[in-house]
Every structure is written in C-alpha cells, then in structure tokens.
Amino acid sequence: MATLSDKTQKIPLYARRTLGEKVNAAIDFLRQNWRVALRFSIYLLLPLSLLHSVGLFAFVRSITSDYYNSTDMGILASSLISLLSMCLIYTLILTLFQYYQGSDDGDLSMLTFRDVKGQMWHNFKRILIVMIPIVVLLIPLLLLVIASLILPIISMLILAGCSILAFILMMVPIHYTLEDVTIGNAFSRSFGHARESWAKLFGLMLALLLVVGIIQSATAIPMLIFVFATDNLSPSGAMNGVLKMVFDIILYLFLIIQTFFGYLSMALVITTLVYHYGSNAREQDDLAIASDIENFENL
C-alpha cells in the first residue's frame with residue numbers, strides 16, 4: 001500500500017523553473033491540495049460570488065431588458081467586490097503556501113479552517129493594505145489603455161506594456177506577504193525581479209491569459225447561448241411573470257458558476273505567480289529569503 005509521502009511529493013518553491021515548469025508546478029500544487037483548496041474556496045469565495053453575481057445580474061438584465069436601469073450601480077458594486085475577491089484569493093493561496101512550506105511532507109489534508117483563520121486574517125490585512133497603492137497605479141494604466149484605442153498604430157504596444165506592468169504589480173502582494181519587508185520594498189523587489197526577467201514574465205503573462213480565457217469561455221458560452229436563445233425565442237414582452245422569474249433564476253445561477261470558476265482561474269494564476277516568484281528568488285536572491293516563509297509564524 002502506498003504511503004502518504006509516496007502519493008504526495010512536496011514541490012519546492014525556491015527552484016529554477018522554465019515557463020512550462022512553473023505552470024506545471026502550480027497545477028501539481030493545486031492537484032495535491034485540491035480538497036483543502038476547494039473547501040476553503042467554498043468558505044471564502046462562494047458567498048462572495050453570490051454577491052458579485054447580483055451586480056453582474058443587474059448589468060446583464062439592463063442589456064436584455066428595459067426593466068432594469070441600474071447598470072452604473074451594478075458595475076460599481078462588481079468592481080468593489082472584485083477587489084475584495086482578489087484580496088481573498090491572494091490570502092487563500094499565500095496562506096496555503098505558508099503552511100505547505102512549513103510542513104514536512106507537504107500534506108495539507110488535515111488542515112482545517114480553524115487552524116488557518118488567524119494567519120488568514122493576518123495575511124488579508126496585509127494584502128488589503130498593499131492593494132491600495134496597487135489600485136491607485138492601475139487606474140492610470142486603465143485610462144492609458146482606453147486612450148490608446150484611438151491610436152490603433154501604437155495601441156498594441158501600449159496594451160502589452162500596460163499588461164506587463166499589471167503583472168508586475170500582481171507580484172507585489174506575494175513579496176509583501178511571503179517576505180518580512182515594507183510596502184516600498186515589496187514594490188522595489190517586484191520591479192527589480194521583473195527588470196532581470198521581463199521576457200519570462202511576458203511569456204508567463206501570455207500563457208496565463210490563455211488559460212484564464214479558456215476557463216472563462218467554457219463557463220460563459222453556455223450562459224450566452226441561454227441568453228441568446230431566450231431573447232430570440234421569446235419576443236419582447238412575450239414572457240409572462242412565471243417565465244421571467246424562471247429566466248432570472250437560471251441566469252443568476254449561470255452567473256454564479258461563471259464568477260466562482262473565474263475566482264478559481266485567478267487562484268491558478270496567483271499560484272503560478274508564486275512559483276514564478278520562487279524561481280526568481282532562487283536565481284536572483286540565492287535563497288537568502290527562504291527562511292522567511294518557513295518561519296512565517298514569527299512574521
């Protein structure tokens with residue numbers, strides 16, 4: 001009979017990896033710990049996806065019907081919940097990594113939410129604080145991308161540059177949480193690592209965008225088919241109250257599924273970025289900071 005250590009081989013964080021090896025390491029990490037990751041995701045992210053879907057529901061219904069006119073409020077609510085969800089996804093993944101690195105064999109199957117809630121709350125506060133300057137920096141990037149749409153000749157270059165900067169900023173919470181550094185040092189280390197390996201980050205960015213696009217498409221296409229079919233098979237005003245209620249319930253369930261799987265796809269992205277961080281730390285820092293994550297209880 002295979003022992004637990006035979007089934008679960010601990011994946012080292014600080015190791016030089018190619019682009020494909022980083023993605024494979026992230027998938028292996030989530031596959032090894034899928035039960036605890038899914039359980040904690042249901043605790044943290046499913047309730048948030050229920051709220052997030054309310055804003056998306058108002059937005060979609062405002063497009064398919066004249067009855068709802070709360071598009072702006074729906075977008076605002078969805079944006080705020082998206083920010084909160086990103087903080088929780090970072091918190092979940094980075095907390096699991098801390099316990100994973102601190103374990104002897106990488107087995108997290110016996111980990112309970114009660115065991116990690118204190119460390120999760122500590123990490124969530126740090127990530128929420130560091131997200132404030134990140135959002136401030138992302139706003140002009142978003143405006144620059146919108147402005148570049150009127151200049152199609154250079155819009156692709158601007159979009160690529162802004163995307164790389166966005167991914168660099170996504171590395172900041174990882175440095176800030178896994179290392180005992182200030183916010184300023186977390187930014188400088190993120191940009192320092194990117195300066196030495198910007199080509200690798202660009203390749204990783206393209207790979208992750210492709211993966212997220214596939215996951216989002218797989219969950220969005222059934223909903224779009226349902227909305228399109230309902231809109232064409234039922235002319236405006238043809239549905240009675242019961243049919244409209246059934247339509248709204250099914251649409252809301254589709255949005256919950258899409259939102260929750262969108263959160264899970266972002267968990268894969270952040271897990272891959274953690275292994276990208278570990279590869280950079282191994283190459284550029286020569287494991288000088290490895291003790292910080294292994295002794296996270298003292299942070």
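Could you give each residue of the range 51-59 its phi-based ³J(HN,Hα) in whole Hz, using Karplus coefficients 6.51, -1.76, 1.60 with θ = phi - 60°, and x for Gly or Pro?
6, 4, 5, 5, x, 5, 4, 4, 5
State whether the range 19-60 is rounded, prolate or oblate according to the following rule on the C-alpha gyration tensor (a ≥ b ≥ c being the square roots of its eigenvalues): a/c under 1.5 gives rounded; otherwise a/b larger than b/c gives prolate, and the remaining case gives oblate.
Numbers: a/c = 5.89, a/b = 1.92, b/c = 3.06.
Oblate, because a/c is 1.5 or more while a/b does not exceed b/c.
Relative to the Cα centre, what is the charge dipole magnitude of the range 85-200, using +1 at the beta carbon of each Lys and Arg, -1 at the beta carbon of each Asp and Glu, and rounding to the nearest 20 debye? Working shown, then result.
Details: 7 positive and 7 negative charges, 82 e Å.
Charge dipole of the range 85-200: 400 debye, to the nearest 20.
What ranking of Glu179, Glu21 emerges when the number of other C-beta atoms within 10 Å of each C-beta is taken as an exposure proxy, fewest first?
So the ranking, lowest neighbour count to highest, is Glu21, Glu179.
What value does the range 145-229 have for Rg/Rh, both radii from Cα atoms and Rh as Kirkwood defines it?
1.12
No value in this document is a laboratory result; all are computed from the given coordinates. The model shown is predicted, which means the values in this text are computed figures rather than measured ones. Cβ coordinates were reconstructed from backbone atoms using ideal geometry, including for glycine residues, and neighbour counts include every protein chain displayed.
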